[in-house]
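The values are calculated or read from the model by the stated rules, or taken from the named source; none is laboratory data. Just so it is clear, the model here is predicted, and its values are computed rather than measured. A quick note on method: Cβ atoms are made from the backbone with ideal geometry, for glycine too, and the neighbour counts reach across all protein chains shown. Side chains are part of the model used for accessible areas, which takes the heavy atoms of the whole protein and leaves out ligands, DNA and RNA. Shrake-Rupley method; radii C 1.70, N 1.55, O 1.52, S 1.80 Å.
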Amino acid sequence: MRLVILDNYDLASEWAAKYICNRIIQFKPGQDRYFILGLPTGSTPLGCYKKLIEYHKSGNLSFKYVKTFNMDEYVGLPRNHPESYHSYMWNNFFKHIDIDPNNAHILDGNAADLQAECDAFEKKIKEAGGIDLFVGGIGPDGHIAFNEPGSSLVSRTRLKTLAMDTILANAKYFDGDLAKVPTMALTVGVGTVMDAREVMILITGAHKAFALYKAIEEGVNHMWTVSAFQQHPRTIFVCDEDATLELRVKTVKYFKGLMHVHNKLVDPLYSMKEGK
């Protein structure tokens, strides 16, 4: 496991975007070889998406041969609702890059048969060859995607009832009105994300500090589902200083001492212009 600690949110977002950029370019995607990317929503990845859009607009990065799978979607919210994750992804990322809309996969929270929709999503991931890099964020209670506390750590894509903490956290997107916040969602499972060849989890802000502590300094625990990624062979946690506030001093010192190694993953920043 790697823990990458940057001074602030902007630098953490940039580091994550550089890492994604380099992984896609090093993969050398093409017509018969797509890079498969798992993506999150929420406020944390917005800075990362902005940097990726910059890299694309400058001609350094193309998503033409990238397929994406999003982590989750609310149930019962119209696809064109401003707070649906379809809207979020198109407005904040997809419409600004050159991805083929047919290659951007998001669960349909309005499907007639929700379990069939979940099963089909798992099948699409498998048919694509599995996910090369799954990017995620976490909630203050340590949930990844909508795998709320108590979720099975081998779970697959399924229908989940949202915890009250999650509903409260999401109320800000619905005019602060709890009655407007969806109470159910479709989500990839912890096992679905664990199957990815690599996982990168973005954790920023003091309000996520206790969750980061639970994720890396204590044992694997289904009440803090992000802790499962201690057991993944290639996990990178990317965080800012504020998110480390609950960690032991020696933990922070240890990982900061490895930053010269971690920074080689993003420096130099590769470019498709150079054909690297």
Taking the chain and counting helices only, DSSP H stretches of n ≥ 4 at -39,500 (n - 2.57) each over all residues, the nearest-500 ellipticity at 222 nm comes to -9000 deg cm²/dmol
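With a 1.4 Å probe and every protein chain kept in, tell me what percent of the accessible surface of the stretch 131-276 is carbon plus sulfur.
56 percent
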Among the DSSP H helices of the chain, those whose Cα atoms extend at least 15 Å along the helix axis and whose mean Kyte-Doolittle hydropathy is -0.5 or higher are 9-27
Bridge orientation stat for the chain from DSSP, antiparallel percent rounded to 5, came to 30 percent
In whole percent, the Cα-Cα distances of the stretch 40-170 spread across 5 Å bins from 0 upward as 2, 9, 18, 23, 22, 15, 8, 3, 0
Rounded to the nearest 10 Å², the accessible area of ARG248 using a 1.4 Å probe with every protein chain kept is 120 Å²
In terms of the charge dipole of the stretch 152-272, which places +1 on Lys and Arg and -1 on Asp and Glu at the beta carbon, the residue among GLY191, CYS239, PHE255 farthest towards the positive end is GLY191
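Over 22 Å between Cα atoms, which of LYS57/LYS273; LYS18/LYS273; LYS208/LYS264; LYS50/LYS95; LYS126/LYS273; LYS67/LYS172 qualify?
Details: LYS57/LYS273 12 Å; LYS18/LYS273 15 Å; LYS208/LYS264 27 Å; LYS50/LYS95 12 Å; LYS126/LYS273 31 Å; LYS67/LYS172 31 Å.
In this structure, LYS208/LYS264; LYS126/LYS273; LYS67/LYS172 exceed 22 Å between Cα atoms.
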With every protein chain kept in place and a 1.4 Å probe, the stretch 32-136 has an accessible area per residue in Å² of 42 Å²
If every Lys and Arg gets +1 and every Asp and Glu gets -1 at its Cβ, then about the Cα centre the stretch 32-150 yields a dipole, in debye to the nearest 20, of 560 debye
Note on the stretch 59-208, DSSP bridge orientation, antiparallel percent to nearest 5 equals 60 percent
Computed about the Cα centre, the charge dipole of the chain from +1 Lys/Arg and -1 Asp/Glu charges at the Cβ has a magnitude in debye, to the nearest 20, of 880 debye
Dipole check, the stretch 1-79, charges on Cβ (K,R +1; D,E -1), about Cα centroid: among ILE20, SER62, GLY42 the Cα furthest to the positive pole belongs to SER62
Once ASP132, ASP100 are ranked on solvent-accessible area with the largest value leading and a 1.4 Å probe, the list reads ASP100, ASP132
Amide H proximity to GLY136 below 5 Å, modelled H, separation 5+ or other chain, gives MET200, ILE201, LEU202
Here the chain gives, from Cα atoms, an Rg and Dmax in Å of 17.8, 52
Short to long, in 5 Å steps from zero, the percent of alpha-carbon pairs of the stretch 1-46 per bin is 4, 17, 21, 24, 17, 11, 4, 1
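What does the charge count near TYR9 come to, summing +1 for each Lys or Arg and -1 for each Asp or Glu among other residues with Cβ under 13 Å from its Cβ?
-3
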When all Cα-Cα pair distances of the stretch 144-260 are considered, the percent exceeding 21 Å is 44 percent
The stretch 80-146 -> Rg/Rh from Cα coords, Kirkwood Rh, value 0.97
Magnitude of the Cβ-charge dipole (Lys and Arg +1, Asp and Glu -1) of the stretch 132-173 about the Cα centre, nearest 20 debye, reported as 160 debye
Loop-resident GluC sites (Glu not before Pro) in the stretch 152-253 with no more than 11 other Cβ atoms inside 10 Å, DSSP not H/G/I/E/B, are GLU218
